[in-house]
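Engineer: Shown below is the structure under consideration.
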Amino acid sequence: MKKLLKNVVTSHNQDKKSFFRITDYVKRSFILFLFLFTVSVNLLSQTVFIYDQQTGNPVHNVFVYNEQKTVTALSNKVGIADISDFGNRDNIIFQHPSYDILKLSKLQISKMKYRVGLKQKLVSLSEVVVSANKWESDIREVPNQIEVIKSKDIVFENPQTSADMLAKENQVYVQKSQLGGGSPMLRGFAANRILLIIDGIRQNNAIYRSGNLQNILQADVNSIESAEVIFGPGTIIYGSDALGGVIDIHTLTPKITSDKKWSATGHALARVASADFEKTIHADLDFSNNKWGFLFSISFSDFDDLKMGTRHNKYAIRPEYVTRINGTDSVVANSNTNLQRFSGYRQLNFMTKVRQKFAGKNDWTFSLYLSKTGEVPRYDRLLQYKGDLPKYATWYYLPQQWIMNSLNMNFNNPTRMYDDARFNMAYQNVKEGRNDRKYRSEWLRQRNETVDIYSFNGDFDKSLKWNNFLFYGVEFVYNGVRSEGIKENINTGEEEKIASRYPDGNNNYYQAGVYLNWKKNYTKTPLSLQAGIRYSYVSLHSTFADTSFYDLPYDAITIRNGALTGGAGLTYRPGAWQFKLNFSSGFRAPNLDDVAKIFDSEPGNVIVPNENLKPEYLYNGEVGIVYKYEDIFNFEITAFYSYLKNAMVRRDFQLNGQDSIYYDGVLSKVEAVVNAGHATIYGSSLLLNIRIISNLAFNTTLTYIKGRDDEGYAMRHAPPLYGASTLTYELNRLKLALSAVYNAEVTYANLAPTERSKAYMYATDARGNPYSPGWWTLNFKGSYAFNRSFLITFGVENILNYRYRPYSSGITAPGINFIVAFRYSF
């Protein structure tokens with residue numbers, strides 16, 4: 001393992017040979033993990049291990065008691081409860097809010113070898129969320145709309161990536177420019193207008209662009225313990241720039257047990273899928289006692305070119321592609337027009353954590369994360385044509401690498417200033433490379449960026465008299481960006497310098513924030529109030545070292561912005577009802593990508609810097625109604641309205657009085673990110689769950705969002721009407737689900753100007769204008785737990801083999817897709 005880390009972390013050679021060497025280490029490491037998985041956990045005869053019947057994962061906080069309630073116990077973090085105080089004739093009851101109640105005799109438990117599996121409720125009554133204020137909270141006290149994705153959902157759905165994890169829950173819309181991508185859209189916003197958090201650490205950096213991002217793939221979906229999505233800007237605790245919301249991902253954490261003896265738990269996973277011939281292997285190991293915990297996790301995925309469906313929408317086929325024949329680029333007819341040539345890629349994820357408990361309830365955790373890919377083809381760029389010939393021979397991302405070190409410290413001994421305190425210190429190193437070569441050109445252009453990110457977060461909570469609670473904290477983030485551009489002759493190896501994507505001098509980006517949030521729970525009235533404020537300050541200084549490529553009227557850009565934002569909300573909970581009202585504001589200052597990027601956004605257009613760009617401000621109001629009747633029925637309706645002031649949008653621009661300049665040898669129209677007058681976004685969502693009979697449930701989700709700017713144009717990241725309906729059957733160890741996923745059409749009138757200019761990605765209507773057709777798919781999923789240790793999950797997606805390309809996506813969705821995964825837990 002040390003050899004793996006040394007070779008991966010210190011490697012600076014980004015070519016294919018380096019990546020293949022890494023995969024060899026992955027295979028050796030996986031064999032080591034399989035050896036470790038032969039270790040078994042010896043439980044004392046008077047302790048019971050409680051686990052999820054479907055996933056095999058331990059269940060903590062299970063209330064264990066006898067019928068008289070004279071003897072009780074509670075399962076710990078690793079699912080172990082002590083039942084030595086129970087009598088031999090006692091009936092022992094296992095109760096948890098998310099699971100069906102189970103009653104067993106001590107003799108029955110003994111025959112089960114002291115392993116008790118619990119069945120998840122098909123309709124859950126309550127949730128505990130962390131994302132609302134960074135501390136565990138009852139979701140009924142939170143005025144925000146929040147989606148919770150649990151480990152059991154991830155295991156059953158079998159997503160290939162973390163972007164697919166969000167999409168499969170059907171409450172977040174995900175765009176894909178390539179197979180190795182996935183850009184979530186929240187309430188009409190995406191990319192640098194939503195906030196990505198991994199284990200409490202901000203991932204948004206100075207070069208997060210306003211278009212579409214694939215950075216969420218940094219989080220290994222096979223190592224995610226849970227995820228929460230907060231919709232809307234009412235998230236002052238995380239940052240005022242979360243205009244669309246927050247995606248808060250929690251990865252596996254070392255468990256601290258109550259026993260001095262060391263125990264080992266873990267999982268091994270192997271998954272294959274037919275549409276892109278996915279081959280994924282994963283292993284994780286948790287080794288811990290009552291003081292120390294060690295966690296190791298590794299995943300490797302290999303994806304071939306993606307196959308689309310065969311029915312409808314012929315515009316999306318791949319009729320030809322570029323390949324080199326005798327050293328010359330040639331256009332070749334695709335023998336299978338439903339195979340998306342040059343879309344496959346490989347990815348490695350590694351994570352290790354060390355945790356120690358000290359001084360009673362306090363603990364610290366050190367974490368190391370690595371995500372690295374091979375070449376990731378930018379598939380939508382390969383579809384562009386110049387005249388009758390493809391514009392590009394090749395276009396791919398390399399390197400694409402993320403390394404993060406973090407230290408988390410938790411202090412849970414109350415003082416006068418706080419009850420709990422949490423500190424997060426982190427360093428991230430992000431490498432991004434864009435490589436393209438035009439058709440029959442000898443020159444491969446390479447633009448590489450390196451971002452070093454240092455961050456500190458301090459968060460505190462304090463319980464006051466009369467059910468008042470305070471949450472407060474500070475945040476500091478620094479980004480240093482290095483950007484360079486070269487072109488290499490693929491025949492001679494000669495290299496020349498070209499214009500970089502961002503300024504090639506010093507790029508320093510600072511963010512700081514301080515927040516205070518207050519909550520009050522009333523005892524006589526089922527009412528919770530919440531209010532908070534945050535002050536954010538953002539500073540950017542960027543210099544151009546080489547101005548020979550473009551005649552800019554300045555050689556440096558300096559921007560400093562600060563703002564006070566806030567929010568207030570209430571939840572009223574009479575009986576089975578819950579009524580929510582929330583008002584909030586957001587503020588996002590331009591980052592380096594907004595202000596100083598020079599890049600061709602689409603054929604014939606080039607984006608140039610704009611030193612006069614100002615921040616944008618969002619004002620949001622939302623209402624929600626929730627009804628829950630026992631574990632039989634619940635529904636949730638949410639509606640929102642947002643007003644965006646000084647919206648940052650892309651518009652025609654002039655540089656030195658010229659509306660066109662030469663970019664990479666092509667005369668291109670000048671555009672820049674500018675402040676529009678305003679934009680409005682509004683919408684609603686519906687969530688419905690019904691348990692029809694004890695083992696059969698129906699649920700549906702539906703989301704509608706509209707957005708227009710001050711010129712009447714549609715907002716780019718306002719998706720079409722979308723949703724899903726699912727029928728789920730669960731009996732003992734078997735779970736089956738039949739679902740329909742659907743998207744409405746986006747007409748030409750509802751396409752944003754930036755989407756209209758990408759006609760090559762869309763179908764053509766009767767008037768010859770681009771539009772995005774509606775679509776729906778039928779899907780089947782299932783799982784069977786042979787025992788506590790072995791689980792098989794399987795499914796068929798897009799059963800009807802429908803050919804469709806989701807709105808704003810550059811790659812066509814998978815056709816019929818057979819999936820099978822084998823999961824071993826111990």
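The values are calculated or read from the model by the stated rules, or taken from the named source; none is laboratory data. Only a predicted model underlies this, so the values are computations on that prediction, with no experimental measurement involved. Counting neighbours? That spans all protein chains shown, and the Cβs are built from the backbone with ideal geometry, glycine included. Heavy atoms of the whole protein, side chains included, go into the accessibility calculation; ligands, DNA and RNA do not. Shrake-Rupley method; radii C 1.70, N 1.55, O 1.52, S 1.80 Å.
Engineer: Taking the range 559-652 as the region of interest, what is the percent of Cα-Cα pairs per 5 angstrom bin, listed from the shortest bin to the one with the maximum distance?
Structural biologist: 3, 11, 16, 13, 12, 10, 9, 9, 7, 6, 4, 1, 0
Engineer: Taking amide hydrogens as modeled 1.01 Å from N in the peptide plane, which residues meet the under 5 Å criterion relative to ARG378, leaving out close sequence neighbours?
Structural biologist: TRP395, TYR396, TYR397
Engineer: Just the projected area, averaged over all directions, of the convex hull on the alpha carbon atoms of the range 445-516: how many nm²?
Structural biologist: The number I arrive at for the range 445-516 is 6.8 nm².
Engineer: Turning to a different aspect of this structure: So, in Å, what gap is there between the alpha-carbon centers of the range 370-417 and the range 631-648?
Structural biologist: Cα centres, the range 370-417 to the range 631-648: 29 Å.
Engineer: Give the Rg (one decimal place) followed by the Dmax (whole number) of the range 190-337, computed from C-alpha coordinates and expressed in Å.
Structural biologist: So, for the range 190-337, Rg and Dmax equal 21.9, 67 Å respectively.
Engineer: Give the shape of the range 220-298 as rounded, prolate or oblate, defined through the alpha-carbon gyration tensor: a ≥ b ≥ c are the square roots of its eigenvalues, a/c under 1.5 means rounded, and otherwise the shape is prolate if a/b is larger than b/c and oblate if not.
Structural biologist: oblate
Engineer: Kindly work out what percent of the DSSP beta bridges joining two residues of the chain are antiparallel, to the nearest 5.
Structural biologist: Details: 334 of 347 bridges.
Looking only at bridges with both residues in the chain, the antiparallel portion is about 95 percent.
Engineer: Could you order peptides 334-344, 195-205 by the average number of other Cβ atoms within 10 Å of their residues, highest first?
Structural biologist: 195-205, 334-344
Engineer: PRE reach from TRP292 (point 7 Å along Cα→Cβ): which of the range 361-393 fall under 16 Å by backbone N?
Structural biologist: 364-367
Engineer: Please state the equivalent ellipsoid semi-axes for the range 565-608: what are the square roots of 5 times the Cα gyration tensor eigenvalues, largest first, in whole Å?
Structural biologist: Calculated on Cα positions only, the semi-axes equal 45, 14, 6 Å.
Engineer: I would also like to ask the following. Once the piece of chain linking GLN654 and VAL332 is laid out straight, how much longer is it, given 0.36 nm per residue of separation minus the C-alpha distance between them?
Structural biologist: 111.9 nm
Engineer: Over the range 497-558, calculate the relative contact order: mean separation of alpha carbon pairs under 8 Å at least 6 apart, over the residue count, as a percent.
Structural biologist: Dividing the mean separation by the residue count of the range 497-558 yields 38 percent.
Engineer: Then there's this: Subtracting the Cα-Cα distance from 0.36 nm times the residue separation, let me have the gained length for LYS706 to TYR315 in nm, one decimal.
Structural biologist: 138.1 nm
Engineer: Answer with a single label: of (i) 160; (ii) 149; (iii) 188, which was calculated as volume of the Cα convex hull per residue in Å³ from the structure in view?
Structural biologist: The calculated read-out lines up with (i).
Engineer: Also, quick follow-up: Taking only protein heavy atoms and a 1.4 Å probe, what accessible area per residue, in Å², does the range 333-390 have with all protein chains in place?
Structural biologist: Normalised by residue count, the accessible surface of the range 333-390 is 38 Å².
Engineer: To the nearest 0.05, how large is the calculated FRET efficiency for LYS69 and LEU688 if R₀ is 51 Å and r is the Cβ-Cβ distance? The partial results should precede the final answer.
Structural biologist: Details: r = 36 Å, r/R0 = 0.70.
Once the sixth-power term is evaluated, E becomes 0.90.
Engineer: Taking the Cβ-Cβ separation of THR547 and TRP776 as r and a Förster radius of 51 Å, what is the calculated FRET efficiency to the nearest 0.05?
Structural biologist: That gives a FRET efficiency of 0.45.
Engineer: Out of the chymotrypsin sites (Phe, Trp or Tyr not before Pro) in the range 207-316, which ones are loop residues according to DSSP with at most 15 other C-beta atoms within 10 Å? Numbers along the way, then the final one.
Structural biologist: Values: sites: TYR208, PHE231, TYR238, TRP262, PHE277, PHE287, TRP292, PHE294, PHE296, PHE300, PHE303, TYR315; in loops: TYR208, TYR238, TRP262, PHE277.
For chymotrypsin sites (Phe, Trp or Tyr not before Pro) across the range 207-316 that sit outside H, G, I, E and B with at most 15 neighbouring Cβ atoms in 10 Å, the list reads TRP262, PHE277.
Engineer: Give a residue-ordered list of calculated ³J(HN,Hα) values for the range 631-639 (Karplus: 6.51 cos²θ - 1.76 cosθ + 1.60, θ = phi - 60°; whole Hz; x for Gly, Pro).
Structural biologist: Once θ is set to phi - 60°, the couplings for the range 631-639 become 10, 10, 8, 8, 9, 9, 10, 10, 10 Hz.
Engineer: I need the chymotrypsin sites (Phe, Trp or Tyr not before Pro) found in the range 499-550, filtered to DSSP loop residues with at most 15 other beta carbons within 10 Å of theirs.
Structural biologist: Of the chymotrypsin sites (Phe, Trp or Tyr not before Pro), the ones in loops of the range 499-550 whose Cβ has at most 15 other Cβ atoms within 10 Å are TYR522.
Engineer: May I pose another question? For the range 709-826, what relative contact order do you get, as a whole percent, if you take Cα pairs closer than 8 Å and at least 6 residues apart? Present the calculation step by step, with values, prior to reporting the outcome.
Structural biologist: Working: 237 pairs, mean separation 25.4, N = 118.
Relative contact order for the range 709-826 comes out at 22 percent.
Engineer: Normalised by the number of residues in the range 89-240, what is the relative contact order in percent for Cα pairs under 8 Å and 6+ residues apart?
Structural biologist: Relative contact order for the range 89-240 comes out at 21 percent.
Engineer: Return the long-range amide H neighbours of MET715 (sequence gap of 5 or more, or a different chain), with a cut-off of under 5 Å between placed amide H atoms.
Structural biologist: Excluding prolines and chain starts, which carry no amide H, the hits are GLY707, ARG708, ASP709.
Engineer: What are the aspartates and glutamates whose alpha-carbon lies under 14 Å from the alpha-carbon of LYS431, with same-chain residues fewer than 8 places away excluded?
Structural biologist: List returned: ASP15, GLU375, GLU449, ASP452, GLU484.
Engineer: So, for the range 535-689, what is the accessible surface per residue at a probe of 1.4 Å, expressed in square angstrom?
Structural biologist: Each residue of the range 535-689 exposes 42 Å² on average to a 1.4 Å probe.
Engineer: Next question. Given a 1.4 Å probe and every protein chain left where it sits, what share in percent of the accessible area of the chain is carbon and sulfur?
Structural biologist: Details: 18280 of 32760 Å².
On the chain, the fraction of accessible area on carbon and sulfur atoms equals 56 percent.
Engineer: What does the convex hull of the alpha-carbon atoms of the range 61-160 project to on average, in nm²?
Structural biologist: Hull-based average projected area comes out at 8.6 nm².
Engineer: Additional query: Figure the gain on full extension for ALA576 and TYR522 (residue separation times 0.36 nm, minus the Cα-Cα span) and round it to one decimal in nm.
Structural biologist: 17.7 nm
Engineer: List the GluC sites (Glu not before Pro) in the range 649-733 that DSSP assigns to loop (not H, G, I, E or B) and whose Cβ has at most 12 other Cβ atoms within 10 Å. Which are they?
Structural biologist: GLU711
Engineer: Taking the mean number of other Cβ atoms within 10 Å as a proxy for protection, how do you rank 741-750, 183-192 from highest to lowest?
Structural biologist: 183-192, 741-750
Engineer: Relative to the longest principal axis of the chain, what angle (0 to 90°, nearest 10) does the C-alpha long axis of helix 16-36 take?
Structural biologist: 10
Engineer: For ASN695, put the label point 7 Å out on the Cα→Cβ axis and report which residues of the range 784-815 keep their amide N under 19 Å from it.
Structural biologist: 784-788, 792-794
Engineer: Right, another one. Long-range amide H contacts for ASP90: which residues qualify at under 5 Å (H placed 1.01 Å from N, peptide plane, sequence gap of 5 or more or a different chain)?
Structural biologist: Hits under the 5 Å cutoff: LYS106.
Engineer: If R0 is 35 Å, what FRET efficiency do you get for VAL354 and GLN108 from their C-beta distance, rounded to 0.05? The partial results should precede the final answer.
Structural biologist: Values: r = 39 Å, r/R0 = 1.12.
FRET efficiency, VAL354 to GLN108: 0.35.
Engineer: OK, next. What list of ³J(HN,Hα) values in whole Hz, one per residue of the range 184-196 in order, does the Karplus curve 6.51 cos²θ - 1.76 cosθ + 1.60 (θ = phi - 60°) give from phi, with Gly and Pro shown as x?
Structural biologist: In residue order, the calculated couplings are x, 10, 10, 6, x, 10, 7, 6, 7, 9, 10, 10, 9 Hz.
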